[in-house]
Each structure stands twice: as structure tokens, then as C-alpha cells.
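One structure below.
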Amino acid sequence: MAPSLHSPRILFDTVSLTIRYDYRNDWLHAQWHGHQDDASVRSGCAQLLALVRQTGSTRIFNDSSEAFGEWYQAAEWIGQEFMVQLHEAGVRAIAWVNAMDWPTRSCVASTLQHMHHPLATTFEFDKKEAAKAWLATIQ
């Protein structure tokens, strides 16, 4: 049975990260939730990269609005290495919805400072629709 065009398919689901393929928008939707630390962020990123390669996705809706915690070491790694890996795997745009939690917001800001290839655009946590609208303009 073919998936409905209106229902995203869950590809990965743990207590800290759910990744869906959104058929209607043709992108991966990563929803980070709960406490995050360097290990959980790195593990989640590895899973996200694997699913980018598996699906051929070129766009990611990355929602950190429900995440909290500190992951400063992973932030540097994401900016300097992981974003390059995503780019090499074909990702052209990431709409990153920021967290309400201050330490997590600070980690996101740190990540963006370490990026050499500007793949991601951040949005405030209450601007999910603006993030989706922006991502929809990227082909």
C-alpha cells in the first residue's frame, strides 16, 4: 500500500529524536525532544545522515523547539564536520527551528558560528510555519 501524500512516514523514533519523511513536502523532518547531550546529538546526527543518504533528501526541517540541554562539543563538530557531510550527501537547505531552552539555543548559535557552508537558516521556536514556507522555496 502506498503511503498517503498527507501523512509523513516515521523512519526513526527514539526518546530524543523522531525522523519522518514528509511526502507532501519531499523533505526529512527531524523532531528533537527531551534532554540532549553530546552523545545523543552525535547519535541523532549519524541517523539523520544515514536517512539523507537512504532517501536522497536535499532538504531538512530540523525542529529543536522541544529539546533542552547542553551539547557544546557536538555543536562545534556539527558546524565544522557534520554540515559538510550533509552537503556532500546532497542536502541543500535546512530550516532549523530553534529551542525554547536557553542552553540549547546557545548550542544552536554556536553550531552556526562554526559552519563553513551556510546550509541552515534558523527560525525562532514560534515560527515553524515560516520555516516550512522558507524551506518550500528551496528546490
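With one equal scatterer per alpha carbon and no solvent term, the Debye-computed log10 I(q)/I(0) for segment 72-118 at 0.29 1/Å reads -1.09.
Within the shell of other residues whose beta carbon sits under 13 angstrom from the beta carbon of residue 46, the net charge comes to 0, with Lys and Arg scored +1 and Asp and Glu -1.
If eta is 1.306 mPa s and T is 10 °C, what Stokes-Einstein diffusion coefficient results for segment 9-136, Kirkwood Rh from Cα pairs, in µm²/s?
Once the numbers are plugged in, D ends up at 112 µm²/s.
Around the amide H of residue 17, modelled in the peptide plane, lie the amide H atoms of 33, all under 5 Å away and 5 or more residues distant in sequence or on another chain. What percent do you get for the relative contact order of segment 9-136 when only Cα pairs under 8 Å and 6+ apart count? Relative contact order here is 23 percent. Other residues lying with their Cβ under 13 Å from the Cβ of residue 36 contribute a combined charge of -4, Lys and Arg counting +1, Asp and Glu -1. Residue by residue, segment 126-132 carries 3J(HN,Hα) couplings of 9, 10, 4, 5, 5, 5, 5 Hz when phi is fed to the Karplus relation 6.51 cos²θ - 1.76 cosθ + 1.60 (θ = phi - 60°); x denotes Gly or Pro. Net length available on complete extension from residue 33 to residue 46 is 3.0 nm, with 0.36 nm assigned per residue and the Cα-Cα distance removed.
Compute the normalised compactness of segment 36-80: alpha-carbon radius of gyration over 2.2 N^0.38 Å, N being the residue count.
It is 1.21.
Name the residue, out of 32, 102, 71, whose mean-square fluctuation peaks in a Gaussian network model built on the chain with Cα pairs under 10 Å. It is 102.
No value in this document is a laboratory result; all are computed from the given coordinates. The structure presented is a predicted model; accordingly, all values stated were derived computationally and were not measured. Every residue, glycine among them, receives a Cβ derived from its backbone with ideal geometry; neighbour counts consider all protein chains shown.
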